[in-house]
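The values are calculated or read from the model by the stated rules, or taken from the named source; none is laboratory data. Remember, it's a predicted structure, so these values are computed and weren't measured experimentally. We place every Cβ from the backbone using ideal geometry, glycine too, and count neighbours over all the protein chains shown. Keep in mind that these areas ignore ligands, DNA and RNA; they rest on the heavy atoms of the full protein, side chains included. Shrake-Rupley method; radii C 1.70, N 1.55, O 1.52, S 1.80 Å.
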Amino acid sequence: MNKPDFDKIMQKQIEELCGRKASLLLHSCCAPCSSACLERLKDFFQITVFYYNPNIEDGEYEVRKAEQIRLLQQTNWAGFLDCEHDGKAFSSAICGLESEKEGGKRCEVCYRLRIEKTAQTAKELGFEFFATTLTVSPLKNSAKINAIGKDIEKQTGVKWLHNDFKKRGGYLESIKLSQEYNLYRQNYCGCVYSKRPEQ
């Protein structure tokens, strides 16, 4: 069975807005990943970037957050909503999965942790949609991420914006925008386990 085209589904969701700018809480892991996503969405949504990343190591977390804020200040593409860096939430969620391979069950639990928090916050603050920038990466499984988002939509009642931001040259655009805005571009996902050499 063919994988759904999540980018086309997103485009249909945007068409159904009929030019109305709906509110969107967009989870972001970093400025480079958010750049191409924001550029693609800014004309269709009133966006607030939600920086919730308990998986990222302390020092790395602060560097990425500062770059995210700087990008938003320079572009005015979206507002910014910070979140407490709760590393214990990540440690607790992935307990027992530390030795999993990168891209496996540990990562899936991490995606859910961050997307769930985004949806819960979107519900509390009255956002119409929620989404994540994670699918811009060629290393992230867009089918898993969209399945998690759709599942959480059912739980919260907030609409999930389907996406596969790597489509239509999204990843390459993120590289280009990173160069244009001189963004710090990390070489690992952010958690200590992703730095470990594969066995």
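In the stretch 82-199, counting only helices (runs of 4 or more DSSP H) that sit wholly within it, the ones holding 3 or more residues that are over 18 Å from residue 32 (Cα atoms) and out of contact with any Phe, Trp or Tyr (no Cβ under 7 Å at 6 or more places or on another chain) span 87-93, 105-125, 142-156. Every listed requirement among (1) over 26 Å from residue 15 (Cα atoms); (2) modelled with pLDDT of 95 or more is met by residue 75 save one, (1).
The residue pairs whose first member lies in the stretch 110-138 and is closer than 14 Å to residue 156 by Cβ, whose second member is open to solvent by 50 Å² or more (accessible area, probe 1.4 Å) and charged (D, E, K, R), and whose beta carbons are closer than 7 Å, counting only pairs six or more residues apart or on different chains, are 128/159; 129/159. A search for C-beta distances below 6 Å between a residue of the stretch 153-179 that is of a type in the set (Val, Ile, Thr) and any residue that is open to solvent by 50 Å² or more (accessible area, probe 1.4 Å) and not in a loop (DSSP other than H, G, I, E, B), counting only pairs 6+ apart in sequence or on different chains, returns 156/123; 158/123. For the stretch 103-137, the set of residues classified as crowded, with 24+ Cβ neighbours inside 10 Å and small (Gly, Ala, Ser) consists of 119, 122, 131, listed by residue number.
Would it be correct to say that residue 89 is out of contact with any Pro (no Cβ under 9 Å at 6 or more places or on another chain) and of a type outside the set (Ser, Thr, Tyr)? It is false that residue 89 is out of contact with any Pro (no Cβ under 9 Å at 6 or more places or on another chain) and of a type outside the set (Ser, Thr, Tyr). Summed over the stretch 99-135, the residues that are under 23 Å from residue 40 (Cα atoms) and of a type in the set (A, V, I, L, M, F, W, C) give a count of 8. Kindly check whether there is at least one residue in the stretch 49-59 that is part of a helix (DSSP H, G or I) and of a type outside the set (Val, Ile, Thr). Yes. Among the residues of the stretch 15-44, those that are within 18 Å of the chain's Cα centre (by Cα), part of a helix (DSSP H, G or I) and of a type outside the set (Ser, Thr, Tyr) comprise 31, 32, 33, 36, 37, 38, 39, 40, 41.
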